[in-house]
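Structure, as structure tokens:
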Amino acid sequence: MFAYTLIVITIALALSAVAERRHIHPALLVVMVGLVASYVPGVPQLQLEPEFILTIVLPPMLFTAARDFSFADFRRRLGSIVNLGVFLIFASTFVVSIAVLSVLPDLLPVTALILAVVIAPPDAVAAIAIGRRAGLPARLMTVLKGESLINDAAALTLFSILVAIATGTHAFIDNLPLYFLYAASVGIIVGLVVGNLAHWVRGRLSNPALATALSVVVPFAAYLIGEELHASGVLAVVAAGFAVGHHGVQSHYRERMQEGAFWRTVDTLLETFVFAYIGLQLRFVITDANEAGFDTVELATATLVIFLAIVAIRFAWVFASAALGRWRYRRVAGKLAHTSAGARRRQRPQPEAPLSWRENTVLSWTGMRGVVTLAAAAGTPLLTASGDALPGREAIVSLAFLVTIATLLIQGLTLPLLIDWLKLDNARHEKFVAQQIEHAEDLTHEATMQGLDAYARNNPDPASQRLVASMRQRFDASRKAQQPRSDDPEAALAIGQYLLAARRARLVQARDRQEIDDTVVRDMLDKLDLEQAFMDSVGRG
């Protein structure tokens, strides 16, 4: 099986390379080829335990998404993220369970609820992979990423309660609101502790390879500790990712460069594997459902009804929430308009304008399912506490796969067309980023000039003074710090390193004061890291 898995990953990577050259979404091409390949005679079933997906595949994928996510953006859109990532999960579970019972009346209500909650959460991997390549506007990507990072926790918590009811066992806490509160709060605490502990340890390592190895341990440790405490391992991983990403700007530049390249590679491998796995399961899950008494027409009808139900509830929920959001925005804006200028300065700033109807339409259509749906479906117990077979388990597994594939292909293939048709663009976000970059460059310019003054005061010898004067002249002319030229290479390297440290410190300070967005700071730090790598190579040469 290990050899077969390697073959699948290799073929999926090759398909992704072809898709990149042909400007096709790699994820969708891999899924479609996997669907066709599943019907090729002799192709074995790639059967993985749900624990493998939840404990090996899911944590690093969530970790990379949270690690690269702007916490400022997450906090700014927290209301929308919680609304879609938690409350919509419960609403979708209720609506989809009714739709399931309407087409499969022989299922037990609790079985229908399990199937519904398995299908409820959109997938972080699918959302990011497809949304990014489809040109999804930045504001929507923020909401979609945030939603996908927390909805798995809501769905898996409700899933564990429903499974306990169906099998006649007991959940850790039988009271759903109390259990959800416990799972969320303890999971977040565990993740923050693990992430901050990793940062403390990493600060005492001088080897970038060891620091990268430590970052590999973080998502698995956070997930397993969270699950061991009966909390949300998903939220533990997300919180750890936020903590590591937040503190990453304080790491040595070699650590950042090596760690970033490593996690981009892992992300690519896992993405291609997950989408290939989804496609390759089609024939086998349909065969299992047929053997359990569900014919293909019945499965197709149920898949269509469930797909329409999840789309309908998401559209209704998004637009109802948008109407409430616009009402609250107008109310706050009206209050600010009638407040004196001095009082306005003391109040919180005016909230960001709500999404337009075009943006809400696209947000409603981005509900692709993925790895968590498959893992939860496969993890549905075979037996009840009495030893009897769990009724309808084959329907849960097969319909979860079919609905996942339907959302990936139907919504994934049409999403770019919808974005083009509605003429969505990133003009507002691009303007914001341009302003942020301009402000960041002003801050680094100021930090460089202050750094030159400080270096001149600390090194009064004539050679250092000439070097500072030359550097100041060149910097004023180009507005960009450059490797200084000098007859003394060691002195030139020292002042270059000194200025880079000053610029980094100023950017991090601005980030902590919420003057500059996380994403802009990370992009600027990437450029500074490249400059320092060049300086170091020159110094070694």
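Any read-out appearing in this document is the output of simple, stated calculations on the displayed coordinates, not a laboratory observation. Everything quoted here is computed from the prediction, not taken from an experiment. Cβ atoms come from the backbone with ideal geometry, glycine included; neighbour counts cover every protein chain shown.
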On the formula 1/(1 + (r/R0)^6), with r taken between the Cβ atoms of V311 and Q473 and R0 of 56 Å, the FRET efficiency rounded to 0.05 is 0.35
Given points 7 Å out from each Cα along the Cα-Cβ axis, report the A37 to S102 separation in nanometres with one decimal. 3.8
Which number gives the lysine pairs in the chain that have C-alpha atoms under 26 Å apart and are eight or more places apart or on different chains? 7
Loop-resident trypsin sites (Lys or Arg not before Pro) in region 136-228 with no more than 15 other Cβ atoms inside 10 Å, DSSP not H/G/I/E/B, are R204
Sort 445-458, 89-102 by packing, meaning the average of other beta carbons within 10 Å per residue, with the highest value first. 89-102, 445-458
Packing rank of 64-77, 360-373, 232-245, where each peptide gets the mean count of other beta carbons within 10 Å, highest leading: 232-245, 360-373, 64-77
At R0 = 30 Å, FRET efficiency that the Cβ-Cβ distance of A91 and L409 yields, to 0.05: 0.75
Over the chain, how many percent of alpha carbon pairs lie in each 10 Å bin up to the one with the longest distance? 3, 16, 25, 24, 16, 9, 4, 2, 0, 0
Plugging the Cβ-Cβ distance of D512 and N175 into 1/(1 + (r/R0)^6) at R0 = 41 Å yields, to the nearest 0.05, a FRET efficiency of 0.55
Show me the ranking of peptides 414-422, 159-167 by mean Cβ neighbours inside 10 Å, starting with the highest. 159-167, 414-422
Equivalent ellipsoid, region 279-331 (semi-axes from 5 times Cα gyration tensor eigenvalues, Å): 40, 11, 6
Relative contact order of the chain, defined on C-alpha pairs under 8 angstrom at six or more residues apart (%): 22
Length released on extending from R75 to L197, taking residue separation times 0.36 nm less the Cα-Cα span: 41.6 nm
Taking only DSSP H segments of four or more residues, each worth -39500 (n - 2.57), what value at 222 nm results for the chain once the sum is divided by all its residues, to the nearest 500 deg cm²/dmol? -25000 deg cm²/dmol
For region 86-126: Kirkwood Rh in Å [reciprocal of mean 1/r, alpha carbons]: 10.4
